[in-house]
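The values are calculated or read from the model by the stated rules, or taken from the named source; none is laboratory data. Bear in mind that the values here come from a model prediction, so they are computed numbers and not experimental data. In this analysis, Cβ positions are derived from the backbone assuming ideal geometry, glycine residues included, and neighbour counts consider all displayed protein chains. SASA here: full protein model, heavy atoms, side chains in, ligands and nucleic acids out. Shrake-Rupley method; radii C 1.70, N 1.55, O 1.52, S 1.80 Å.
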Amino acid sequence: MRTAVSGLSYERGIIMIREDEVIGTIRAALEREPRVNLHNHPIELSYADGVVTISGEVGGIAAKKIALEIAAKPSPVSGIVDRLRVEPSEPMEDGAIRDHVCNALTSEPAFRSYSVRALVKQALEPVRSVQEDRCFEVEVNDGVVVLNGVVESISHKRLAGVLAWWVPGSRDVVNGIDLFSNAEEQDEELVDLIRIVLEKDPLVNASQISVHSRDGVVTLEGTVPTPNNKRAAESDVWYVLGVNDVVNKLVLTGL
């Protein structure tokens, strides 16, 4: 009996050490990554049964995606619970965020044939009724935008996600939109959508920027007049679903 109890304690000790090692490895990697900046935006980590839970508020979409990628790297990790939120550029109530997202979707020419519904007090309310087989459903909770519905392509799904991210109060976007077909994603399609996104941003002169992608790593080359324009272009790319990293080679032409 003592041996069994002793063995159980020992086994638990090994598990606890393993958990501490996983958390320590992730935290050390996060501390080495300047784009995450743990000093200004602390992140909480926990690990159990192969799943890492990561929570806190980060300074931008790049920090969020990079932190999630780092947390998923250690070999024992089999899953991630994402509770990271992005610091909003402007405080905004959920209702206002929802209205802005719905307005962005209804105003987008690529979505003119899409119905839009908003979840208000647990009930879906029509914002625009066109085709029921092409639709968006918008929900917002604590600054987190949840998108559902059905669209015709991965590019449409990605564009809807970017429009939701662009609303100043958005703290996260959960893109659960379904596709008519499960076509395999291609780098060319991702590049085309990124070009469209850059063209929509008034802070970016897309004609001066070339975009390349390989396996979700996007490289930007060309010229921009100010650091703010350079940051805006990179942020736009990070907002796109399927982008795993951005190599920003944009050159400044003026200060």
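Protein heavy-atom accessible surface, 1.4 Å probe, per residue over the chain: 54 Å².
On full extension of the chain, what length is gained from Asp142 through Lys121, given 0.36 nm per residue of separation minus the C-alpha to C-alpha distance?
Details: separation 21, 0.36 × 21 = 7.56 nm, distance 1.37 nm.
Contour length minus the Cα-Cα distance gives 6.2 nm.
Counting Cα-Cα pairs of the chain in 10 Å increments starting at 0 gives whole-percent bin shares of 7, 26, 31, 22, 9, 4, 2, 0. Measuring max minus min along each principal axis, the C-alpha atoms of segment 202-243 give extents of 29, 17, 14 Å (largest first).
Restricting the calculation to Cα atoms, segment 61-102 yields a radius of gyration followed by a Dmax of 14.7, 42 Å. For Asp49, the solvent-accessible surface computed with a 1.4 Å probe is close to 150 Å², ligands and nucleic acids excluded.
With viscosity set to 1.306 mPa s at 10 °C, what whole-number translational diffusion coefficient in µm²/s follows for segment 120-203 from Stokes-Einstein and a Kirkwood radius over Cα pairs?
On the way: Rh = 14.1 Å.
Stokes-Einstein gives a translational diffusion coefficient of 113 µm²/s.
Ignoring ligands, DNA and RNA, what percent of the accessible area of segment 210-255 is carbon or sulfur (1.4 Å)?
Working: 1210 of 2280 Å².
The value for segment 210-255 is 53 percent carbon and sulfur by accessible area.
Between Ser46 and Lys249, the FRET efficiency estimated from the beta carbon spacing at R0 = 51 angstrom works out to 0.85.
Would you kindly state how much longer the chain becomes between Ser181 and Ile80 on full extension, computed as 0.36 nm times their sequence separation minus their alpha carbon distance, in nm to one decimal?
33.7 nm
Divide by every residue of the chain the summed helix terms, -39500 (n - 2.57) for each DSSP H run of at least 4, and state the resulting mean residue ellipticity at 222 nm, rounded to the nearest 500 deg cm²/dmol. Walk me through the numbers before you get to the answer.
On the way: 6 runs with 95 residues, N = 255.
Mean residue ellipticity, 222 nm, calculated: -12500 deg cm²/dmol.
Note on surface exposure: Trp238, Trp165 rank Trp165, Trp238 by accessible area, highest first, 1.4 Å probe.
At 1.4 Å probe size, with the rest of the protein present, what percent of the exposed accessible area of segment 147-196 is carbon and sulfur atoms? Walk me through the numbers on the way to the answer.
Working: 980 of 2150 Å².
For segment 147-196, the apolar C and S fraction of the accessible surface comes to 46 percent.
Once the Cβ-Cβ distance of Ser129 and Glu21 is raised to the sixth power relative to R0 = 45 Å, the FRET efficiency obtained is 0.25. Going by the alpha-carbon gyration tensor, a ≥ b ≥ c the square roots of its eigenvalues, is segment 119-161 rounded (a/c under 1.5) or, if a/c is not under 1.5, prolate (a/b greater than b/c) versus oblate? Verdict is oblate for segment 119-161.
Peptides 70-77, 135-142 ranked from most to least packed by the mean count of surrounding Cβ atoms within 10 Å: 135-142, 70-77.
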